[in-house]
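Peer 1: This is the structure, below, for whatever I ask next.
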Amino acid sequence: MLQLLKKLLKTTRLQDESLRRRASVLNILFLATFIVLVLSAVDVTALYLTGFNRLVLHRLAAIAVAISVVGALYICLKRRFYFLAASSLLIIYWLLATVMAITWGVTLPVVLLLYCALIVLSGIVLGASYAIITLATSVVTLYVIQLNIVRGAIHPNFYWQTQPPHLSDLVAFYFVFVMVGISSWLFNRETDRSLHRALRAESALQREKELLETKVAARTKELQKVQEEKIRQLHRFAELGQFSTSLLHDLSNHITTLSVDIEGMTEKQSESQIQLRIQRRIAYIDAMMQWAHDHINGKVQDTPFDGAPAIREVIKMLQPKARRLHVKLASVPAKLPVLALYGDPNRFKQLVLNLISNAIESYSAAPTDTTREVRIEGSLTANHAVRIAVRDWGGGIPGDIQKNIFDPFYTTKDTGMGIGLFVVKQIAEEYFDGNVRLTSHKDETCFTATLRRTHDQANS
């Protein structure tokens with residue numbers, strides 16, 4: 001019996017969880033209806049056997065038909081025709097309440113209680129909107145029945161109003177109470193369980209979300225590292241390209257000087273001095289190539305150095321080129337002070353060499369009677385920055401050209417690469433935290449590089 005009861009109460013396999021909750025309540029209604037019908041059949045049979053009522057065949061037939069209909073509806077429920085089974089069972093209860101209202105009057109307590117139960121149950125097994133529909137239907141039905149009773153069209157049997165109360169009268173009330181109470185309890189229990197499952201699912205989802213956010217953050221961090229590494233590689237390649245161009249420009253200056261020295265040898269100048277200069281040029285170029293190799297491999301390290309000896313070395317290297325154009329190179333003051341800097345000395349030499357070389361070349365198209373002098377000024381500012389000024393009087397730079405003079409590949413020379421002043425600006429800004437400014441008035445041009453990166457500032 002217990003196994004059969006469990007099988008009867010087993011909820012149909014519906015995909016929608018709300019329908020599963022309602023189906024569990026509907027199972028209780030079907031079971032209660034079966035019990036009531038069976039008890040009614042037993043009661044009618046007992047009345048017949050005890051001789052209280054001999055006219056029971058039509059009642060037994062009605063009960064048998066009701067059991068058959070309820071059984072068919074229960075089969076529909078098990079085959080997932082939920083709405084058909086639920087609405088049909090409620091209609092049966094509505095018909096039962098309506099027949100009782102017509103037979104014994106709308107004021108019969110069981111009738112009113114049964115209509116109330118119908119309203120509650122329709123909201124549970126069909127949905128909230130159906131409770132409103134059942135309410136409206138019940139109100140209209142009771143009104144129509146009462147109206148016909150008042151007009152005399154219906155004649156209910158009011159004998160129950162004159163009969164003394166009996167304990168058996170509570171049976172109908174108990175049945176309705178139990179049916180509504182158990183249905184409400186089952187439905188609310190399933191609702192609470194669903195809410196608890198939803199809260200657990202929400203909590204699990206929140207944990208999964210936090211875990212996913214952690215994983216996404218970690219993965220994003222990994223991707224950022226990869227991208228940063230790629231960007232560093234691209235920057236290194238770009239820097240290598242700029243460095244190669246700068247090195248090519250620097251080497252071209254030394255090759256030009258070598259050409260001048262070789263021409264001097266053909267003109268039978270002092271061979272010993274020329275050979276010495278050529279050796280120094282070759283040694284310098286070799287040193288530059290080694291420096292380039294170390295730079296590419298990341299072996300070049302910044303060190304503190306004095307810029308004054310580097311300036312004198314560059315002036316000495318460019319003297320042959322200056323003499324060829326009859327240009328005098330002069331440092332101001334003649335004995336430069338200590339110009340303390342921190343960084344790569346070769347970068348600093350590149351900066352000075354490009355500025356002095358450009359100043360010398362400015363006289364290539366100048367009149368022969370022009371005072372040909374390039375003045376290199378080295379000094380310290382009030383905040384201990386190093387200022388290098390290279391001044392010439394080779395014709396000046398027009399105002400419309402000055403705004404583009406530091407752009408890469410911009411040149412006013414027929415054989416120029418347009419990279420020298422760009423390299424000067426890049427070295428001053430990126431390697432020595434400084435800047436380069438141009439001032440030009442009439443024939444005078446002055447490039448001033450202010451370099452702020454000293455050993456103390458690098459360590460601060």
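Where a number appears in this text, it was derived from the coordinates with a stated rule and is not lab data. The structure presented is a predicted model; accordingly, all values stated were derived computationally and were not measured. Here Cβ is always computed from backbone atoms with ideal geometry, including for glycine, and neighbour counts include all displayed protein chains.
Peer 1: Hey, can you grab everything whose amide H is under 5 Å from the amide H of Gly434? Only 5+ residues off in sequence or another chain; H modelled, so Pro and N-termini drop out.
Peer 2: Answer set, sorted by chain and number: Glu429, Arg452.
Peer 1: Mind checking the dipole of the range 2-208: about its Cα centre, +1 per Lys or Arg Cβ, -1 per Asp or Glu Cβ, Debye to the nearest 20?
Peer 2: For the range 2-208, the charge dipole is close to 680 debye.
Peer 1: With a point put 7 Å past each Cα toward its Cβ, work out how far Leu84 is from Ala201 in nm, to one decimal.
Peer 2: That separation, rounded to one decimal, is 2.9 nm.
Peer 1: Additional query: Pop the C-beta distance of Ile75 and Leu49 into the FRET formula with R0 = 22 Å and round what comes out to the nearest 0.05.
Peer 2: E(calc), rounded to 0.05, equals 0.10.
Peer 1: Note down the nm distance, to one decimal, between modelled labels 7 Å out along Cα→Cβ at Leu438 and at Leu380.
Peer 2: Result for the modelled spin labels: 3.2 nm.
Peer 1: What are the residues whose amide H is under 5 Å from the amide H of Ala340, where those residues sit 5 or more places off or on another chain and H is modelled from the backbone?
Peer 2: Gly307
Peer 1: May I ask you to derive the FRET efficiency for Glu208 and Ile92 from their Cβ-Cβ distance with R0 = 60 Å, giving the value to the nearest 0.05?
Peer 2: For Glu208 and Ile92, the calculated efficiency is 0.80.
Peer 1: Under the Karplus relation 6.51 cos²θ - 1.76 cosθ + 1.60, θ = phi - 60°, what is the ordered set of whole-Hz ³J(HN,Hα) values for the range 75-90, x standing for Gly and Pro?
Peer 2: 5, 4, 5, 5, 8, 6, 8, 5, 5, 4, 5, 5, 5, 5, 5, 5
Peer 1: Determine ³J(HN,Hα), in whole Hz, for all residues of the range 180-192 in sequence, where each value follows from phi through the Karplus function 6.51 cos²θ - 1.76 cosθ + 1.60 and θ = phi - 60°; x replaces Gly and Pro.
Peer 2: Couplings: 5, x, 5, 5, 5, 4, 4, 5, 5, 4, 5, 5, 4 Hz.
Peer 1: Subtract the Cα-Cα distance of Ser129 and Phe409 from 0.36 nm times their separation in residues, and report this length gain in nm to one decimal.
Peer 2: 92.8 nm
Peer 1: Suppose each label sits 7 Å from its Cα in the direction of the beta carbon; what would the Ser40-His155 distance come out to in nanometres?
Peer 2: Between Ser40 and His155, the simple spin-label model gives 2.6 nm.
Peer 1: Pulled fully out, how much extra length does the chain show between Gln224 and Lys328, if you take 0.36 nm times their separation in residues and subtract their Cα-Cα distance?
Peer 2: Taking 0.36 nm per residue and subtracting the Cα distance, the gain is 31.9 nm.
Peer 1: With a 10 Å Cβ neighbour count serving as the proxy for reagent exposure, in which order, fewest first, do Phe81, Phe305 appear?
Peer 2: Ascending Cβ contact count within 10 Å gives the list Phe81, Phe305.
Peer 1: Using θ = phi - 60° and the Karplus form 6.51 cos²θ - 1.76 cosθ + 1.60, what ³J(HN,Hα) does each residue of the range 339-345 get, whole Hz, x for Gly and Pro?
Peer 2: Once rounded to whole Hz, the list reads 10, 6, 9, 9, x, 9, x.
Peer 1: Once R0 is set to 35 Å, what does the formula 1/(1 + (r/R0)^6) return for the Cβ-Cβ distance between Trp185 and Val216, expressed as a FRET efficiency to the nearest 0.05?
Peer 2: Computed FRET efficiency for Trp185 and Val216 comes out at 0.20.
Peer 1: Further question on the same structure: Looking at the range 303-460 only, what percent of DSSP beta bridges run antiparallel? Nearest 5 please.
Peer 2: 85 percent
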